[in-house]
Amino acid sequence: MALWPHLYLLVFIIILWVLEKLFPKVMERAEENLLIIVISSIMAVSFGQVIARYGFNTGWDAALEFNTVAFSWLILLGMSYGIKTGLHLGVDIVLNAVPKPVAKGLSLFGAAAAMLYGLILLDSTWLAMLGIDVSGGAIEYWQKMYKIGIGSNELRYPEFIQEMFGLRPRVHRWIVLVILPISLALLSYRSLQAFIDIARGKRGMLISGHEAQELVEENKNVLKD
């Protein structure tokens with residue numbers, strides 16, 4: 001397996017870290033806007049498809065595949081964003097029942113486990129050194145799609161793109177699947193950041209266990225008004 005995808009991902013994470021240090025607010029808005037664009041595209045295509053189908057008896061053949069791909073991008077990007085912002089819900093009854101040093105240790109374990117999970121899914125070949133039988137990961141799968149060069153089922157390049165670059169009509173599947181290694185690299189990176197923040201006391205836990213409780217506290221007097 002070639003190592004160049006690993007190097008590209010490492011460079012990507014380093015550049016992301018530098019940009020977030022220099023422009024934290026800009027990078028935060030950029031990540032949020034990317035998720036908003038993905039969600040909006042799903043809504044726009046779905047709405048347009050309904051109007052086209054029931055209003056004009058036509059439609060976009062690739063609408064279902066586009067929405068499926070966009071929704072998968074949303075989930076994969078949302079994994080790391082949820083860890084970064086502490087939006088992932090979880091059960092914190094154990095963390096609240098044990099002493100703070102133990103709770104901190106459990107939180108560190110959770111962050112380390114999330115990071116390890118991302119690394120294993122990204123590329124599990126390093127586990128072979130431990131005598132574990134593995135079969136690659138997201139990077140290896142993406143490389144196979146890149147070498148094969150097959151296209152997606154329904155998604156097509158615009159005609160001017162086909163003519164300009166001499167491409168076949170169908171969008172390459174490796175372009176659609178490039179989000180797999182990127183999102184898993186981000187998941188590992190955000191988990192590492194969370195681990196460091198928990199260790200330094202800047203963050204209590206990996207999950208957001210008190211979201212429902214906070215909503216109740218904020219709105220408990222609404223009915224009295």
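Lysine pairs in the chain with alpha-carbon atoms under 20 Å apart, 8 or more places apart or on different chains: how many are there?
For the chain, the number of qualifying lysine pairs is 8.
Could you work out the relative contact order of the range 40-178, using alpha carbon pairs under 8 angstrom and six or more residues apart, expressed as a whole percent?
Once divided by the residue count of the range 40-178, the mean separation gives 17 percent.
Starting with the highest mean, order 189-197, 121-129 by the number of other Cβ atoms within 10 Å, averaged over the residues of each peptide.
Highest mean packing first, the order is 189-197, 121-129.
Can you give me the pair-distance distribution of the range 1-108, C-alpha pairs, 10 Å bins, whole percents?
Bin by bin from 0 Å, the calculated values are 12, 24, 26, 24, 11, 3, 0.
How far, in nm, would the chain grow between Leu167 and Ile15 when pulled straight, counting 0.36 nm per residue and subtracting the alpha carbon separation?
51.6 nm
Tell me the Rg and the Dmax, in Å, that the Cα atoms of the chain produce.
21.6, 68
Counting only other residues whose beta carbon sits under 14 Å from that of Lys147, what net charge do I get with K and R as +1, D and E as -1?
Net of charged neighbours comes to +1.
When Lys and Arg each count +1 and Asp and Glu each count -1, what net charge do the other residues less than 14 Å away from Val134, Cβ to Cβ, add up to?
-3
We did not get these values from a lab; they are worked out from the coordinates using the rules stated. Small disclaimer: the values here were computed from a predicted structure and weren't measured. Heads up, the Cβs are rebuilt from the backbone with ideal geometry, glycines too, and the neighbour counts pull from every protein chain shown.
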